[in-house]
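The values are calculated or read from the model by the stated rules, or taken from the named source; none is laboratory data. Worth saying up front: this structure is predicted, and the values here are computed from it rather than measured. A quick note on method: Cβ atoms are made from the backbone with ideal geometry, for glycine too, and the neighbour counts reach across all protein chains shown. These area figures cover heavy atoms from the full protein model, side chains too; ligands, DNA and RNA do not enter into them. Shrake-Rupley method; radii C 1.70, N 1.55, O 1.52, S 1.80 Å.
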There are 2 protein chains.
Amino acid sequence: MTTVGPASAPSTRRGRPGYDQQSVLAVAVTAFNRYGYEATSMGMLAEELGISKSAIYHHVPSKGDLLRLALDHALGGLESVLEDDRAVTGAADARLEFVLRGTIAVLIERLPFVTLLLRLRGNTEIEREALDRRRTFDREVAALVDAARQEGSIRRDIDPRTTTRFIFGTINSIVEWYRPGGPLTAQKLADDVILMVFEGLHCR
Amino acid sequence: MTTVGPASAPSTRRGRPGYDQQSVLAVAVTAFNRYGYEATSMGMLAEELGISKSAIYHHVPSKGDLLRLALDHALGGLESVLEDDRAVTGAADARLEFVLRGTIAVLIERLPFVTLLLRLRGNTEIEREALDRRRTFDREVAALVDAARQEGSIRRDIDPRTTTRFIFGTINSIVEWYRPGGPLTAQKLADDVILMVFEGLHCR
């Protein structure tokens, strides 16, 4: 189980000084997000890193391994949120809020990795395996939404599956526009998302 | 200006019987969404259509033209919402709701086209031009959000830009999961989105 935080990025060192698997991975994730996985070649990554194509295989056996490592980093972060005590005990409404805040934190900390996960099309076996893990995560959040509904804290006039999709849609779209380091802190962003999702935009 | 509705899809007929530019376009948009624009070749589209590679050029001069036509269909639909009287006159809150409902309607009617638009990375001149048009649309909606805020109908404790991004995030994410023809009608979906965005999920 990967723990939350950028420091825990996959870090098995195999390469020559100056480059390790982690730097190759960072460049690969950026390229996958920009050009798509299929359109990115190991040659393009080598060029971007300023190393030879054979040197890149010194760091990672294949393009598929880069994809697998990157997706595992995103999924491991998300899964660890659900394993926290605060996601497991207490009122469903509070647990749901904890999980949504935790998801937003992972999304911001591992922004390019989660972006890659959210854009998967399921064209390869590696992508399909990651999508399975993502669906398991989504199902556990959906169960929490259901529990908050049963508890009477969340409205019943919207279908629970639609509700879950709205929540994920709103949260996941953060990867499309949020840039860390700007005036909007991660904390204020999380507060704003929770406020909009639970209380809505209308003044009352 | 393209009008709203699937019947208004680009339809200049150039090809042989059985295939016209519109059928080529539909296949192209599906492939662009599935494999990415760069990774899709005219040869792949010809194979999918069961025609020769030279026959496909009879319908459309280049892959770039297919992209341009597809994006114009999505953008034309969105832009026509803003030109409606109901987007221009009345209270800002009601105008905003009209525009959000109209956006959802276009998104559902032209689902693969809007999906393509929302996934653009801006790698080519055609993509950058479309992104410019999309930004103009976004700016006009942002001005409406601002007006609703000034009017006192929308909360002021969230930054207006963040508010606009939440709204778009929530609405645009519909393309990722909504499938027309299922039990959730377009009308109920629009009602649910409006309810969540303006009133939130908490019972009160």
Exercise. Is it true that some residue in region A:149-166 is in the same structural domain as A:Phe113 (by TED's automatic domain parsing), in a loop (DSSP other than H, G, I, E, B), more than 17 Å from B:Asp159 (Cα to Cα) and β-branched (Val, Ile, Thr)?
Worked result: yes
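Test of understanding: among A:Ala87, A:Ala92, A:Ala142, A:Ala70, which residue is closer than 19 Å to B:Ile174 by Cβ and more than 12 Å from chain B (Cβ to nearest Cβ)?
Checking each option against the conditions leaves just A:Ala142.
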Problem set entry | Filter result (more than 23 Å from B:Asn33 (Cβ to Cβ) and among the aromatic types (Phe, Trp, Tyr)) within region A:17-66 | A:Tyr19, A:Tyr57
For this session: Answer yes or no: is there a residue in region A:150-167 that is at the interface with chain B (Cβ under 8 Å from one of its Cβ atoms), touching a residue at least 40 places away in the same chain (Cβ under 8 Å) and surrounded by 20 or more Cβ atoms within 10 Å (Cβ to Cβ).
Result: yes
Exercise. Mind checking whether some residue in region A:119-137 is more than 12 Å from every other protein chain (Cβ to nearest Cβ), assigned to a helix (DSSP H, G or I) and over 30 Å from A:Ser62 (Cα atoms)?
Worked result: no
For this session: Output the qualifying pairs, or none if there are none: Cβ atoms under 7 angstrom, residues six or more apart or on different chains, first residue in region A:178-204 and open to solvent by 50 Å² or more (accessible area, probe 1.4 Å), second residue of a type in the set (S, T, N, Q).
Result: A:Cys203/B:Ser153
